Each structure stands twice: as structure tokens, then as C-alpha cells.
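A.B. asks: Next up is a structure, given as C-alpha cells.
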Amino acid sequence: DASLESGAEIILKAKTSFEQQPENLKDFGREIYVFDGELKPNWTRDAKGNLLHNMRHLCTVTADLSPLWPLSNMAEGQPGFKYWLLEYELVISLIGTKMAARIRWKKEGKVVLGPIHVIRDF
């Protein structure tokens with residue numbers, strides 16, 4: 001687990017699933033939350049949809065996932081339910097008061113990096 005200190009690099013493993021090929025993956029967005037407590041929970045919200053105590057919204061990131069689509073895998077959930085799965089990492093670096101981010105994935109055994117647009121809450 002990484003802390004939110006200057007110089008920290010936080011790597012978030014991400015999976016995104018689709019029932020069919022999406023029309024637009026150029027501006028795919030994801031909310032990033034941080035937990036300020038001791039025991040890291042499995043969820044960000046309670047059963048009523050409220051943020052958990054000590055959970056806060058850090059930023060929203062958007063990235064172009066279209067280069068990943070050819071690397072997507074067909075997966076199967078409930079019997080007969082098939083979906084496409086994209087796997088990648090969000091890499092967030094904190095440098096002083098600035099935040100930088102990028103998307104990272106593997107293609108043919110090589111690490112590929114792509115840009116991410118970060119919208120901070122503060």
C-alpha cells in the first residue's frame with residue numbers, strides 16, 4: 001500500500017468489462033478514491049451508496065483505452081454470459097503538490113505507457 005506523500009507512485013490494477021465493443025473508448029473515465037484509515041476496506045461505498053468513513057475522492061482520470069481494445073480478452077461470467085475484458089494499470093505519481101498519471105499495459109511482452117488526463121478535486 002502506498003501513502004499519499006510526495007514522491008510516491010501508486011499503481012492501481014484496473015479491469016474494465018464490456019458486453020460488446022463500445023463505440024468510443026477515447027475518453028474513458030474512472031474515479032480514484034483514497035482511504036485514510038487503518039484497515040483498507042474492499043468497497044468505497046456502503047449499501048446505501050454513501051462513501052465510507054475515511055474514504056475520499058482524490059481525482060477523476062480519463063484516458064484513451066482504444067489502443068487496448070485489440071488486446072481485450074473474451075471472458076465468461078454466469079453460465080452463458082460472455083463479455084470483453086480490458087486489463088491495465090493506472091500509475092499515479094505525486095511530485096510535491098503536483099499529480100501526474102499515466103496508463104500502463106503490456107503488448108507483445110513489452111510495457112506500453114499512455115497519457116491520462118487528471119481532474120483533481122482540490
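A.B. asks: Label K107 and E76 with points 7 Å out from Cα along Cα→Cβ: what is the distance between them in nm?
C.D. replies: 3.0
A.B. asks: Apply the Karplus curve 6.51 cos²θ - 1.76 cosθ + 1.60, θ = phi - 60°, to the phi angles in segment 17-34 and return the couplings in whole Hz, x for Gly and Pro.
C.D. replies: Computed from phi, the couplings for segment 17-34 are 10, 9, 6, 8, 5, x, 6, 9, 10, 6, 10, 6, x, 8, 8, 10, 10, 10 Hz.
A.B. asks: Quick check: residue separation of D46 and I95 times 0.36 nm, minus the Cα distance between them. What number comes out in nm? Write out the running numbers ahead of the final one.
C.D. replies: Values: separation 49, 0.36 × 49 = 17.64 nm, distance 3.20 nm.
Length gained, D46 through I95: 14.4 nm.
A.B. asks: Could you work out what % of the accessible surface of the chain is carbon and sulfur, using a 1.4 angstrom probe and leaving DNA, RNA and ligands out of the count?
C.D. replies: Working: 4390 of 8750 Å².
That fraction is 50 percent.
A.B. asks: Can you list the HN-Hα couplings for segment 47-58, worked out from phi with the Karplus curve (6.51, -1.76, 1.60; θ = phi - 60°), rounded to whole Hz and with x for Gly and Pro?
C.D. replies: The phi angles translate into 4, 8, x, 8, 4, 5, 4, 6, 9, 9, 6, 8 Hz.
A.B. asks: If we sort 58-67, 35-44 on the protection proxy, mean other Cβ atoms within 10 Å, highest first, what's the order?
C.D. replies: Numbers: 58-67: 18.1, 35-44: 9.8.
Sorting 58-67, 35-44 by mean packing, highest first, produces 58-67, 35-44.
A.B. asks: Of the peptides 25-31, 90-96, 108-114, how do they stack up when ordered by the mean number of other Cβ atoms within 10 Å, highest first? Provide the component values of the computation, followed by the final result.
C.D. replies: Details: 25-31: 13.4, 90-96: 15.3, 108-114: 9.6.
Those peptides, ordered most packed to least, come out 90-96, 25-31, 108-114.
A.B. asks: Normalised by the number of residues in the chain, what is the relative contact order in percent for Cα pairs under 8 Å and 6+ residues apart? Present the calculation step by step, with values, prior to reporting the outcome.
C.D. replies: Numbers: 209 pairs, mean separation 38.3, N = 122.
RCO, the chain: 31 percent.
A.B. asks: What list of ³J(HN,Hα) values in whole Hz, one per residue of segment 79-89 in order, does the Karplus curve 6.51 cos²θ - 1.76 cosθ + 1.60 (θ = phi - 60°) give from phi, with Gly and Pro shown as x?
C.D. replies: x, x, 9, 10, 8, 8, 10, 9, 10, 7, 10
A.B. asks: Identify which of the listed values of Rg and Dmax of the Cα atoms in Å was calculated from the structure shown: (i) 13.0, 39; (ii) 14.4, 53; (iii) 16.0, 49.
C.D. replies: Of the listed options (i) 13.0, 39; (ii) 14.4, 53; (iii) 16.0, 49, (iii) comes from this structure.
A.B. asks: Could you calculate the contour length gain from V34 to W69, that is, 0.36 nm times the residue separation minus the distance between their Cα atoms, to one decimal place in nm?
C.D. replies: On the way: separation 35, 0.36 × 35 = 12.60 nm, distance 2.81 nm.
The span from V34 to W69 would gain 9.8 nm if fully extended.
A.B. asks: Compute the Rg to Rh ratio over segment 2-55 from the alpha carbon atoms, using the Kirkwood formula for Rh, and round to two decimal places. Numbers along the way, then the final one.
C.D. replies: Values: Rg = 14.8 Å, Rh = 14.2 Å.
Dividing the radius of gyration by the Kirkwood radius yields 1.04.
A.B. asks: Amide H to amide H, which residues 5 or more places from L52 or on other chains are under 5 Å from it, using H placed in the peptide plane?
C.D. replies: R45, D46
A.B. asks: Grab the beta carbon distance between E23 and W84, set R0 = 22 Å, and tell me the FRET efficiency rounded to 0.05. Show your work: numbers first, answer last.
C.D. replies: Numbers: r = 13 Å, r/R0 = 0.61.
E between E23 and W84, to the nearest 0.05, is 0.95.
The values are calculated or read from the model by the stated rules, or taken from the named source; none is laboratory data. None of these values were measured; they are calculated from a predicted model. Cβ coordinates were reconstructed from backbone atoms using ideal geometry, including for glycine residues, and neighbour counts include every protein chain displayed. These area figures cover heavy atoms from the full protein model, side chains too; ligands, DNA and RNA do not enter into them. Shrake-Rupley method; radii C 1.70, N 1.55, O 1.52, S 1.80 Å.
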